[in-house]
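Heads up: the structure comes next, in structure tokens.
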2 protein chains.
Amino acid sequence: MPLPKLKEIEGSAELEQMIEKAREASDMLKALSHESRLLLLCILAEGEKSVTELEQFLGERQSTVSQQLARLRLDRLVTTRRDGKAIYYSLANEDVRKILTAIYDVFCEPVRRRRR
Amino acid sequence: MPLPKLKEIEGSAELEQMIEKAREASDMLKALSHESRLLLLCILAEGEKSVTELEQFLGERQSTVSQQLARLRLDRLVTTRRDGKAIYYSLANEDVRKILTAIYDVFCEPVRRRRR
DNA sequence: ATTACATATACGAATTTAATGATATAAGAA
DNA sequence: TTCTTATATCATTAAATTCGTATATGTAAT
């Protein structure tokens, strides 16, 4: 799946579309581009977790974690489910997982490979 | 390549490593998470381009484009080569391309597929 | 040496984002 | 009902980012 050729795009209606897509993508990336939020998503990639579990893992204040989660919710990267007092978070869709996997492959795979 | 299990990580030295990787990754993502910079990288994915070409494509001020490029340079997402008066930019490595491809697959492929 | 062109950098104003402490809501237990 | 636990939201401040204007640098041409 090659990236598109400039010639096919320049000055056309496709340019507008490309700009629109870039905006959507950069919005999602903004949500991802934060150390704590990225860690949250990596943990959620393993399966759903309650806010308390996430707090403990990150070792950050409750309100801070909750606000990062709110951000991820608003940008539709995660979904929630309530069970009693707890609210469980999980990745919202496969797109998020795809991006996370790519990031994981680039930044984390080399580490594991080196350690074998 | 599965994402790692929490059990294997929690409380261990691996946690520190994971946090370090998250910081590296989020730094790169911050550079990516900007509409113009993302467009610049998409254009560069096709091949090297001079600053003037990039300016024309984006339709933004010279200093703005140059500053975005500086940011990408500092974060090592692009490299440069001088030829006479012009400076040509290109993607710095395959890691950048991998991430861009994942983003492209998620945000742009569906569009093209739909149009066929 | 002067000029023109391509690109980079400096600086400040405006905007955005993040962290904190305090308060609110919702559920369950007593 | 009151208390406690889990989570969310609000308000304030601090810090980071972005964009514009202006200026500087490097190369080539005259």
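The values are calculated or read from the model by the stated rules, or taken from the named source; none is laboratory data. For clarity, every value in this text was computed on a predicted model and none was experimentally measured. With ideal geometry, Cβ positions are generated from the backbone for all residues, glycine too; neighbour counts draw on all protein chains shown.
Name the pairs whose Cβ atoms lie under 6 Å apart, with the first residue in the stretch A:75-104 and within 14 Å of chain B (Cβ to nearest Cβ), the second of a type in the set (Asp, Glu) and surrounded by 15 or more Cβ atoms within 10 Å (Cβ to Cβ), and 6 or more positions between them or separate chains?
Hits for this filter: A:Ser90/A:Glu48.
Which condition does A:Ser26 not pass, out of (1) at pLDDT 95 or above; (2) more than 7 Å from chain B (Cβ to nearest Cβ); (3) assigned to a helix (DSSP H, G or I), if it passes all the others?
(2)
Being at pLDDT 95 or above and buried (at least 16 other Cβ atoms within 10 Å of the Cβ), is that true of even one residue in the stretch A:11-18? Even if it seems obvious, please write down each step before you answer.
We begin by selecting, within the stretch A:11-18, every residue at pLDDT 95 or above; these are none.
Among the residues of the stretch A:11-18, not one is at pLDDT 95 or above and buried (at least 16 other Cβ atoms within 10 Å of the Cβ), which makes the answer no.
A:Ser33 fails exactly one of the following numbered conditions: (1) within 12 Å of chain B (Cβ to nearest Cβ); (2) small (Gly, Ala, Ser); (3) in contact (Cβ under 8 Å) with a residue 40 or more places away in the chain. What is the number of that condition?
Going through (1) within 12 Å of chain B (Cβ to nearest Cβ); (2) small (Gly, Ala, Ser); (3) in contact (Cβ under 8 Å) with a residue 40 or more places away in the chain one by one, A:Ser33 breaks only (3).
Looking at (1) outside any loop (DSSP other than H, G, I, E, B); (2) within 24 Å of A:Tyr104 (Cα to Cα), can you tell me which one B:Thr64 breaks?
(2)
Only one of these conditions is not met by B:Arg81: (1) modelled with pLDDT of 95 or more; (2) surrounded by 12 or more Cβ atoms within 10 Å (Cβ to Cβ); (3) not β-branched (Val, Ile, Thr). Which number is it?
Result: B:Arg81 passes all but (2).
Got a number for residues in the stretch B:19-33 being surrounded by fewer than 19 Cβ atoms within 10 Å (Cβ to Cβ) and either among the acidic types (Asp, Glu) or within 11 Å of DNA strand D (Cβ to nearest atom) (or both)? Give the steps one after another, and end with the answer.
Of all residues in the stretch B:19-33, those surrounded by fewer than 19 Cβ atoms within 10 Å (Cβ to Cβ) come to B:19-20, B:23-24, B:27, B:30.
Checking which are either among the acidic types (Asp, Glu) or within 11 Å of DNA strand D (Cβ to nearest atom) (or both) leaves us with B:20, B:24, B:27, B:30.
The qualifying residues number 4.
Give the residue, chosen from B:Leu54, B:Leu69, B:Leu39, B:Leu44, that is within 13 Å of chain A (Cβ to nearest Cβ), within 27 Å of A:Ser36 (Cα to Cα) and buried (at least 20 other Cβ atoms within 10 Å of the Cβ). Working first, answer last.
Numbers: B:Leu54 fails: within 27 Å of A:Ser36 (Cα to Cα); B:Leu69 fails: within 13 Å of chain A (Cβ to nearest Cβ); B:Leu44 fails: within 27 Å of A:Ser36 (Cα to Cα).
Going through B:Leu54, B:Leu69, B:Leu39, B:Leu44 in turn, just one is within 13 Å of chain A (Cβ to nearest Cβ), within 27 Å of A:Ser36 (Cα to Cα) and buried (at least 20 other Cβ atoms within 10 Å of the Cβ): B:Leu39.
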